[in-house]
Amino acid sequence: MKKYDVIIAGASFAGLSVASRIGSGKVLLIDKNEIGAQQTSACGTSINILKEIGCEDSILKSFTAAVLHIKNKKIDISLLEKYCTFNYKRFCKLFARQNRAEILKANVKAVEDSVVITDKGSFAADIIVDCTGWRAILASSLKKDYVNRKMLSFGIETELPYKDDKLRFFADPEIIKNGIAWLFPCGKTARFGVGSYVGDTKILPALKRFVGGYGLKIGKIHGDHFCYCLKKPVVKNLFLVGCAAGQTLPLTGEGIKRSIHFGIECGEIIQKILDGAFSFEQGAKRYEKLALSEEKYYNYLLRIQYKLSELVGWKLNLAVRFFNIKLVRKWVWKKYSSI
Ligand SMILES: Cc1cc2nc3c(=O)[nH]c(=O)nc-3n(C[C@H](O)[C@H](O)[C@H](O)COP(=O)(O)OP(=O)(O)OC[C@H]3O[C@@H](n4cnc5c(N)ncnc54)[C@H](O)[C@@H]3O)c2cc1C
């Protein structure tokens, strides 16, 4: 059996980030798809994070403003940090150049002690990282209830020819109940999406209604579930990063910045273990502490996510008025950008 120092399962935002920080040892990066071939997300994130990792050449359009549509009310939000939409395939290509891992296209199925079992054979490693997204394939093979299916959102989107200059979010039960819709411009096209906070997968009619409101018809669709409750980021000998560890933010469904942030931290800790600066246990403890350090903020956002569907009538008017106060918006944004 082939032996590696590190095996990373999943080569999207989280997996590529971990791999980018490991500069020594034998590393195997496994994904069931060609890297960058399977976009699931709207690919909207902060420009700073893309610059930090040298992937700014994947940017399609940048934004200094967003609009929150709550029913028929509009709240303009000037973004204190620039946001952008980017091309997923190009992003992965640029980011994948920054690691020296051996790449394997294979379906990972389970982990047993230090052996990762795939449809292309089994591979051993001292350190294993699960970055397989919400299914957390490896952790679930160790702990059957690792994924709580009640804490999953589900989103789909379609990219259509349409021009706009602002990122738009819609909290409107007439478009989707217990969820949110979005319109992310990409230049000559825009990504129209709907997401269900309660993990409802039958939301195609909602997407049709949403794009229909713009006089458009849906095209090719992509999407997936995503997990928004922080989970134990170390299970036995496994590190978990990104959606696998529930690191996508509740309410906004933002997981790209989070996956990159925790992926980089996890990769740097693994490098220290390889260098002998940390034992495995020390590294695991450090990552666990770091990955759970923002639990409080995740819980705040989760509470707002739960309350959003209750905002009707006078409560809605009050919420809109309150959020329209400039100082409130500034405070919220400051808190939000600190996570
Ligand atoms: C419709 C939608 C829109 C979204 N829009 C945004 C957005 O605009 N901005 C934002 O910040 N977040 C957004 N998100 C959330 C974001 O996509 C996730 O948080 C992010 O993708 C998590 O990254 P990840 O690397 O952990 O997991 P993923 O991106 O899900 O990657 C998992 C990787 O593992 C691989 N894999 C899975 N199973 C196996 C297996 N058995 N064997 C081998 N490989 C496997 C997959 O092929 C994939 O490459 C959106 C999510 C959805 C569903």
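Bear in mind these aren't lab numbers, they're just calculated from the coordinates by the rules spelled out. Keep in mind that this is a model prediction, so the values were computed, not measured. Cβ coordinates were reconstructed from backbone atoms using ideal geometry, including for glycine residues, and neighbour counts include every protein chain displayed.
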For the chain, built as a Gaussian network whose Cα springs stay under 10 Å, the top-fluctuating residue of A277, A245, A65: A277
Sequence-distant lysines (8 or more away, or on other chains) whose Cα lies within less than 18 Å of K74: K166, K315, K326, K330
Helix 295-308 axis, angle to the chain major axis (alpha carbon atoms, nearest 10°): 30 degrees
Gaussian network model of the chain, Cα within-10 Å springs - most flexible of G223, G213, G199: G213
Fraction of antiparallel bridges per DSSP, the stretch 2-337 only, in percent to nearest 5: 70 percent
Given K51/K82; K105/K272; K32/K272; K51/K296; K61/K89, the pairs whose alpha carbons are separated by over 20 Å: K105/K272; K32/K272; K51/K296
Under 12 Å, Cβ to Cβ, from E268 - net charge with Lys/Arg +1 and Asp/Glu -1: +1
Centroid-to-centroid separation of the stretch 225-261 and the stretch 86-110 [C-alpha atoms, Å]: 18 Å
Cα long-axis angle, helix 313-324 against the chain (0 to 90 degrees, to the nearest 10): 70 degrees
Student exercise, the stretch 2-337 dipole from Lys, Arg, Asp, Glu Cβ charges, in Debye to nearest 20: 980 debye
Dipole-positive endmost among C186, F170, A106 within the chain (Cβ charges, Cα centre): F170
Residue-averaged 222 nm ellipticity for the chain, from DSSP H runs of 4+ at -39500 (n - 2.57), nearest 500: -9500 deg cm²/dmol
Between helix 256-275 and the chain: long-axis angle, C-alpha atoms, 0 to 90°, nearest 10: 20 degrees
